[in-house]
Each structure stands twice: as C-alpha cells, then as structure tokens.
Amino acid sequence: MTGTSTAPHDESFTPEVLSSSEVYRGAVWGVREDRVRYGDGEIVRQYIDHSGAAAVVAVDEGGRVLLLQQYRHPIRQRDWELPAGLLDVVGEDPMDAARRELAEEADLVATGWEPLVSTYTTPGSNSEIVHIYLATGLSPAGETFARTDEEADIRLAWVPLREAADGVLAGRLRNGILAVGILAAERRLSSSERQNPGA
C-alpha cells in the first residue's frame, strides 16, 4: 500500500446512466434500478432513492445527551436513537428539519445550533445522507405534539455524553446515526473544553 501526504476524502464520480426507472414505490421510499456504463462494461444496481434526513445531538447544561427509544420493525428491536426525521420537502434546509424533529419528538427547542457531521448511512443500498446537528441551550417547546405509530410509545432518556459514547463503543448502542453523532459530539465538546478550560 502506498502512502499519501493528503488526508483521504470522498470524491464525486458520475458515470453515464444509460437508463433509470422506479421499480417500486412504497409509502415512504421508492426503489430505483439504474443501468450504468462502468469501465469497459455496464452494471445494473437497485437502490432506495432516499430524500435525506436530519438528526440532533441535543446536549443539556449538565453534559447529558437526549436519546429516544422506539420500535424499528426491520431489526425487530426498540433501539436507542437521536431525534431525527426525513427532509419532508425537496430542497428543505436540513437544519430546519432538525429543529422540527427536536420539537416534534422531544418537545424541545434550542438556542444553539451548529452542524456536527453528515454521513451516508448505507451507500451500497440507498442514497440517504443524514445531516447531524449539535443543539444546546435547550428549553421546553411551546406546544406538545401528538405521536402515532412507532412514535406513540417513544421513550426518552437523558444520558451523560461520555456514557453514551461508551455504550456505542461497547456495542450496547448500535444505531449508526446515533453512533456517528454521539462520537462526533463528544470529540467536538472535548476539544472545546481543552481550548477553553474553565469556560
């Protein structure tokens, strides 16, 4: 393996798409099939055509992060997650979606918002990108929201950020978006504390 003097980074690559069609339309997502010219030949790939999403690492003044537990049918588990949701409208600002999801899922608003990290969830099978934000300065929202389906019995927990990160690394918390968000937030906040001791 040859070394490189620059940090690795994802690169845009746009091969010629010879044909593209929606082969299935579900209640939330559609499945597309693309025939693509690649190298000296062609490949056919099916994938979920995803609208994208936003998620929130909400951290209170005591350094605790808000986690939500709800049922996820594909994995047959009630997993712990971050407040998150789909970009409901084409072109929606992900931060606006993050604000909405924090209010709708946790009945909270925040005065501090900053982009944390963006991640492709499973690039081999869908086009979903999730934009994760750090929210601070939390307070109750002015209204509460009715929750249905899997959100009807949602459970909330405030967990010390370090403890949540330990849970990720120990394999107790396996939701991918939660893992990325929690580890990124711990690093961001630890770095801030080192740069501003006693702040």
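The values are calculated or read from the model by the stated rules, or taken from the named source; none is laboratory data. Quick caveat: nothing in here was measured; it's all calculated off a predicted structure. Reconstructed Cβ throughout: ideal geometry from the backbone, glycine too, with neighbour counts over all protein chains shown.
Per-structure values
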{"item": "Of all residues in the range 77-101 being of a type in the set (A, V, I, L, M) and assigned to a strand (DSSP E or B), the one that is nearest to G176 (Cα to Cα)", "result": "A84"}
{"item": "Answer residue from the range 25-37, given it is surrounded by 12 or more Cβ atoms within 10 Å (Cβ to Cβ) and of a type outside the set (K, R) and is farthest from G85 (Cα to Cα) among those", "result": "V36"}
{"item": "Matching residues, the range 49-64, being closer than 12 Å to I129 by Cβ and touching a Lys or Arg at 6+ places or on another chain (Cβ under 9 Å)", "result": "A54"}
{"item": "Residue match in the range 33-44 (condition: of a type in the set (G, A, S) and within 30 Å of A103 (Cβ to Cβ))", "result": "no"}
{"item": "Sole residue being surrounded by fewer than 16 Cβ atoms within 10 Å (Cβ to Cβ) and either of a type outside the set (D, E, K, R) or not assigned by TED's automatic domain parsing to the domain that holds V23 (or both), chosen from R100, R45, R64, R78", "result": "R78"}
{"item": "P74, sole failed condition from (1) without any contact (Cβ under 8 Å) to a residue 12 or more places away in the chain; (2) in a strand (DSSP E or B)", "result": "(2)"}
{"item": "Residue among E114, E104 that alone is at pLDDT below 95 and under 22 Å from L138 (Cα atoms)", "result": "E104"}
{"item": "Conditions (1) touching an Asp or Glu at 6+ places or on another chain (Cβ under 8 Å); (2) outside any strand (DSSP E or B): number failed by E11", "result": "(1)"}
